[in-house]
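Peer 1: Here it is, the structure, as structure tokens.
Every number here is computed from the coordinates shown, using simple stated rules; none is lab data. These numbers come from a predicted model, not from an experiment. Every residue, glycine among them, receives a Cβ derived from its backbone with ideal geometry; neighbour counts consider all protein chains shown.
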Amino acid sequence: MTAPTLEAIRYARGSLQLLDQLKLPTSTVFIDVPDCDACWSAIKEMNVRGAPAIAIAAALALAVEAHKTRDALVASGAAAVATFVTQKMDHLCTSRPTAVNLGEAVIRLKALADASVADGLDAAAVVDAVVRACEKMLEDDVAANMAIGAHGADALCAAVASKAADPARAKPVGAALRVLTHCNTGSLATAGYGTALGVVRALRGRNLLEHVYCNETRPYNQGARLTAYEIAFEKMPGTLICDSAAAALMAKGKVDAVVVGADRVADNGDTANKIGTYNLAVSCAYHGVPFFVAAPSTTLDANTATGADIVIEDRPSTEVTHSLGTRVAAEGIDVWNPSFDVTPGSLIEGIITESGVARKNADGAFEIGKFIRDVI
Ligand code: MRU
């Protein structure tokens, strides 16, 4: 069964529109993104968000600006085109620091432009190569997400079936699962289908989804505003819960598995994801619920040794002190509002990618660099 899905990114050569996720779920409004500066603001303000969607939007903004200024770029010469790519992408990269997908896209597109110049391509050919590479990111993402979904559905079913030590929690392969997820990792966070929510979609497509629970995801409410919207849009059997209700739901035996997305996975498997993810993983360990991360390989960062090396973005205090523009917290209180936390690799059962599932070695440690070399 293939259910209709939402789209966050509309692109045709020379034109980019982003679904304004700040207006969901009440209004569906697309904003025009005519250049890289407009895209920087859309990412910073979180009109577009979600690690893969941010990277794809940035690349497509570069493609749009390169297409629109093509004549001037071609006249300036091949080396100047490479400089243009570097300057635009370096600036876009300053918009949000934690998700590695954007940084990875920046490195890749700059390297492509530099290599094209080194290979002796003329300016027009360098522009064309860069634009095509940006467009390919959009095309490749949905296929990668569907592969993540397939690997993830297999992995969750197998993990739940293997809970022989706890027969009350084990379900045979072929039994439908109750899955809990956090933040928004669906069509709205990607080019389509989604990562962790893609796993949920894949289970549903196999008639193996009994129920999906989504955390509201305080303070920005990506779960309540966006994931609940996707679940309702596709009429999945789903329930929205407060973040603080997750452990109680597990204690009632109502969660077979948890799957979340990621913004950056360090070499040892430590995973930065939306704040509250770590709480969930701790609750899973206590209740014996398998805890999975689902992310494209562009989210794996073997150059970052551990979670301690991941830069965590702090968001404005008003996200916590205010609700829909009205102050709800006491005046004068200090606020700590990290956008992400780091879940230790030790609490993660497997990291699901489009190429397969990374698992811990015999010593109980992830080796993401080795996984990239051997599997990706
Ligand atoms: O701050 P956001 O909304 O960009 O955070 C998004 C998340 O943390 C997602 O769970 C993660 O980026 C994975 S998106 C497929």
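Peer 1: Go through (1) within 15 Å of the ligand (Cβ to nearest atom); (2) touching a Pro at 6+ places or on another chain (Cβ under 7 Å) one by one and return the number of the condition THR227 breaks.
Peer 2: (2)
Peer 1: Let me ask something additional. Give the range 327-359 a look and list any residue that's in contact (Cβ under 8 Å) with a residue 40 or more places away in the chain, touching a Ser or Thr at 6+ places or on another chain (Cβ under 8 Å) and part of a loop (DSSP other than H, G, I, E, B), or say none.
Peer 2: Once the filter is applied, which keeps residues that are in contact (Cβ under 8 Å) with a residue 40 or more places away in the chain, touching a Ser or Thr at 6+ places or on another chain (Cβ under 8 Å) and part of a loop (DSSP other than H, G, I, E, B), the range 327-359 yields ASN337, SER339, ILE348, GLU354, SER355.
Peer 1: Okay, next question. Being polar (S, T, N, Q) and surrounded by 10 or more Cβ atoms within 10 Å (Cβ to Cβ) is the filter here; which residues of the range 301-333 pass it?
Peer 2: Within the range 301-333, ASN303, THR304, THR306, SER317, THR318, THR321, SER323 qualify.
Peer 1: Right, another one. Quick check on my filter: what residues within the range 175-202 are among the hydrophobic types (A, V, I, L, M, F, W, C) and within 10 Å of the ligand (Cβ to nearest atom)?
Peer 2: CYS183, LEU188, ALA189, ALA196, LEU197
Peer 1: Sticking with this structure for a sec: Working only within the range 40-53, note down all residues that are among the hydrophobic types (A, V, I, L, M, F, W, C), touching an Asp or Glu at 6+ places or on another chain (Cβ under 9 Å) and assigned to a helix (DSSP H, G or I).
Peer 2: ALA42, ALA51, ALA53
Peer 1: Could you check the range 268-326 and list, in sequence order, the residues that are under 17 Å from the mean Cα position of the chain (by Cα), under 25 Å from GLY356 (Cβ atoms) and assigned to a loop (DSSP other than H, G, I, E, B)?
Peer 2: Answer for the range 268-326, where residues must be under 17 Å from the mean Cα position of the chain (by Cα), under 25 Å from GLY356 (Cβ atoms) and assigned to a loop (DSSP other than H, G, I, E, B): GLY269, ASP270, ALA295, PRO296, ILE310.
Peer 1: Restricting the range 244-275 to residues that are within 17 Å of ALA228 (Cα to Cα) and surrounded by 21 or more Cβ atoms within 10 Å (Cβ to Cβ), which is farthest from the ligand (Cβ to nearest atom)?
Peer 2: So the residue we want is ALA246.
Peer 1: Right, something else. Restricting to the range 191-227, name every residue that is in contact with a Leu (Cβ under 7 Å, 6 or more places away or on another chain) and charged (D, E, K, R).
Peer 2: Within the range 191-227, GLU210, GLU216, ARG225 meet the criteria.
Peer 1: Among the residues of the range 69-117, write down those that are surrounded by 14 or more Cβ atoms within 10 Å (Cβ to Cβ), over 18 Å from the mean Cα position of the chain (by Cα) and not hydrophobic (A, V, I, L, M, F, W, C).
Peer 2: Of everything in the range 69-117, those that are surrounded by 14 or more Cβ atoms within 10 Å (Cβ to Cβ), over 18 Å from the mean Cα position of the chain (by Cα) and not hydrophobic (A, V, I, L, M, F, W, C) turn out to be THR69, ARG70, SER76, GLY77, THR83, THR86, LYS88, HIS91, ARG108, LYS110, ASP114, SER116.
Peer 1: Right, another one. Look through the range 276-291, keep the residues that are under 24 Å from TYR193 (Cβ atoms), within 16 Å of the ligand (Cβ to nearest atom) and not hydrophobic (A, V, I, L, M, F, W, C), and return whichever of them is surrounded by the fewest Cβ atoms within 10 Å (Cβ to Cβ).
Peer 2: So the residue we want is GLY276.
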